[in-house]
Every structure is written in C-alpha cells, then in structure tokens.
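Below is one structure, written out as structure tokens; comments come after it.
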Amino acid sequence: MSTLLNPYLQFDGNAREAMEFYQGALGGDLEVSTFGDMGGPADAPGADKVMHAQLTTPDGFTLMASDTPPGMEFQPGSNFAVSLSGDEAEKMRGWWQRLSAEGTVSVPLEKQMWGDEFGQCTDRFGVAWMVNIAGSQA
C-alpha cells in the first residue's frame, strides 16, 4: 500500500447521497460502510448513517466522507479534513507527532475497532488532519 493524501468530507446525514452524486460526476468505485456495519446496534440512532465512504476514480482521485457521528455536532464550513493513510507506520507516526504538535488532538492515535491505528487532530494553523495507519492484513 502506498501513502495517500486526500480530502475527507463530513456531512450532516446525507453522505451517501453526496458520494453517489460524486460517483456519478467523477466515475469510479464507491465503497460505503455504515455505523451499523461496524458493530453498532442495528436499531441505534444513526446506525444507517455513513461511518466511512471512499470513492476511487479511474483518474486516480480518492475522495472520502462520513456522516457526523451520533452525539457530535455538525459544523458547516469546517466539515472537511486532510486524510493521510498508509502502512508505513513509523513514518506516519512521525508525521502525526509533527502535525499534532502545538495543535489540538481530538482522537488520539491508537488502534481502532476496524483494526487500524487512527488519530485526528487540528494543527496549530486550524487545519484538520486524519491519520490512518493500516493494520496487519494477516
């Protein structure tokens, strides 16, 4: 796996509709996982909302998105982040350390329920970053 840098958009309950629109406009393959797909109760509020969607286009574009998680406030105008993802763990941890220094960590870089290490921060310039280090595929 190579390292990717791409936009990550956040929506207020209409991520699936938006990503299907972008797929129609840009082409490509769309993968969508809901909060319910990731182990949440099927009848929980928001279980059918998008936890993660990824559009990969024939031209090499990657666009990711999600709905605002239940219990979190949607903030128009700040509903995007820059996503770094890959499997070079030490290199990515170094980037995380430098990007989060003097910033605000909202999700510590640690192993998540999907098996990867993930962290989210806002750097000292106000830019939101998401870092996802791919877990072992064995």
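Restricting to the chain, compute how many DSSP beta bridges are antiparallel as a %, nearest 5.
Around 75 percent of the beta bridges assigned by DSSP in the chain are antiparallel ones.
Determine the share of segment 1-68's accessible area contributed by carbon and sulfur atoms, expressed in whole percent, with a 1.4 angstrom probe. Present the calculation step by step, with values, prior to reporting the outcome.
On the way: 2010 of 3840 Å².
It is 52 percent, rounded to a whole number.
So what are the radius of gyration and Dmax for the Cα set of the chain, in Å?
Computed over the Cα atoms of the chain, radius of gyration and Dmax are 15.0, 40 Å.
Might you work out the accessible area of PHE35 for me, using a 1.4 Å probe with all protein chains in place, and round it to the nearest 10 Å²?
Its accessible surface works out to 50 Å², give or take rounding.
Could you state the accessible area per residue of the chain in Å², with a 1.4 Å probe and every protein chain left in place?
Computed with neighbouring chains in place, this is 60 Å² per residue.
Once both axes come from the Cα atoms, what is the angle between helix 89-100 and the longest principal axis of the chain, in degrees from 0 to 90, rounded to 10?
90
For every helix of n ≥ 4 consecutive DSSP H residues, a contribution of -39,500 (n - 2.57) applies; sum these over the chain, divide by its total residues, and give [θ] at 222 nm rounded to the nearest 500 deg cm²/dmol.
That comes out to -5500 deg cm²/dmol.
Tally up the carbon and sulfur contribution to the accessible surface of segment 97-138 as a whole percent, 1.4 Å probe, everything protein left in place.
50
Can you check what the net charge comes to around SER33, using other residues whose Cβ is under 12 Å from the Cβ of SER33 (Lys, Arg +1; Asp, Glu -1)?
Taking every Cβ under 12 Å from that of SER33, the sum is -2.
Starting at the first residue of segment 8-16, write each ³J(HN,Hα) from the Karplus equation 6.51 cos²θ - 1.76 cosθ + 1.60 with θ = phi - 60°, in whole Hz, x for Gly and Pro.
Karplus values, whole Hz, x for Gly and Pro: 10, 9, 10, 10, 9, x, 10, 4, 4.
The values are calculated or read from the model by the stated rules, or taken from the named source; none is laboratory data. All values reported here derive from a predicted model rather than from experimental measurement. Ideal geometry is used to build each Cβ from the backbone, glycine not excepted, and the neighbour counts take in all protein chains shown. Surface areas here come from the heavy atoms of the whole protein model, side chains and all, with no ligands, DNA or RNA. Shrake-Rupley method; radii C 1.70, N 1.55, O 1.52, S 1.80 Å.
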